[in-house]
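In what follows, a structure is listed as structure tokens, so that the remarks can point back to it.
Coordinate-derived values only; no laboratory data. Everything numeric in this text was worked out from a predicted model, so none of it was measured. Cβ sites come from the backbone with ideal geometry, for glycine too, and all protein chains shown count toward neighbours.
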């Protein structure tokens with residue numbers, strides 16, 4: 001390679017091979033890989049639910065066992081927490097530790113409200129007679145789909161709240177980094193996005 005070509009390559013955004021084409025740290029890359037693989041898992045669950053529902057001769061009206069206003073409140077709470085998480089990430093990158101901590105705790109509160117609401121929803125559903133293999137509405141797969149899909153998502157929300165609690169404590173101790181908060185936010189946004197699909201496909205359609 002000529003000296004001119006080498007100089008041009010060194011001045012390029014890739015830095016002569018010393019930089020990656022996409023400027024992303026390994027932690028963020030691993031989080032993206034996890035999010036993509038987990039998204040495929042949720043997609044498989046929802047597609048499977050679609051096949052089960054299409055194969056059933058009848059499907060219960062969701063307005064009968066569920067309070068749709070309450071489910072909408074749960075959805076709004078999770079979306080609002082995602083907005084608070086975005087504010088926490090922005091504040092962290094600006095070096096505003098106080099605002100980052102405040103928005104992190106608002107996100108955690110939103111997560112706890114959602115989980116508490118889901119516990120109430122499950123208890124009400126079970127009280128109405130729903131079980132994993134049977135329910136009063138005649139289609140056994142209806143309650144099975146509910147428990148599997150919402151339960152799996154609830155596990156992810158619980159994990160997210162635990163992660164955010166750890167990040168908030170580390171931020172209080174001065175050990176959290178902006179990138180760490182951003183990675184936690186990436187997971188939380190993913191959990192929120194999945195719930196939007198669950199809400200639309202399971203409760204509304």
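A few notes on this one:
- Of all residue pairs spaced 6 or more apart or on separate chains, those with beta-carbon atoms under 6 Å, a first member in segment 87-106 that is without any contact (Cβ under 8 Å) to a residue 60 or more places away in the chain and a second member that is surrounded by fewer than 17 Cβ atoms within 10 Å (Cβ to Cβ) are 91/99.
- Among residues of segment 184-203, those that are in contact with a helix residue (DSSP H, G or I) (Cβ under 8 Å, 6 or more places away or on another chain) and farther than 14 Å from residue 36 by Cα, counted: 11
- The residues in segment 160-205 that are in contact (Cβ under 8 Å) with a residue 12 or more places away in the chain, closer than 30 Å to residue 66 by Cβ and surrounded by fewer than 14 Cβ atoms within 10 Å (Cβ to Cβ) can be counted, and the count is 2.
- The listed residue being in a helix (DSSP H, G or I) and surrounded by 14 or more Cβ atoms within 10 Å (Cβ to Cβ), out of 54, 43, 39: 39
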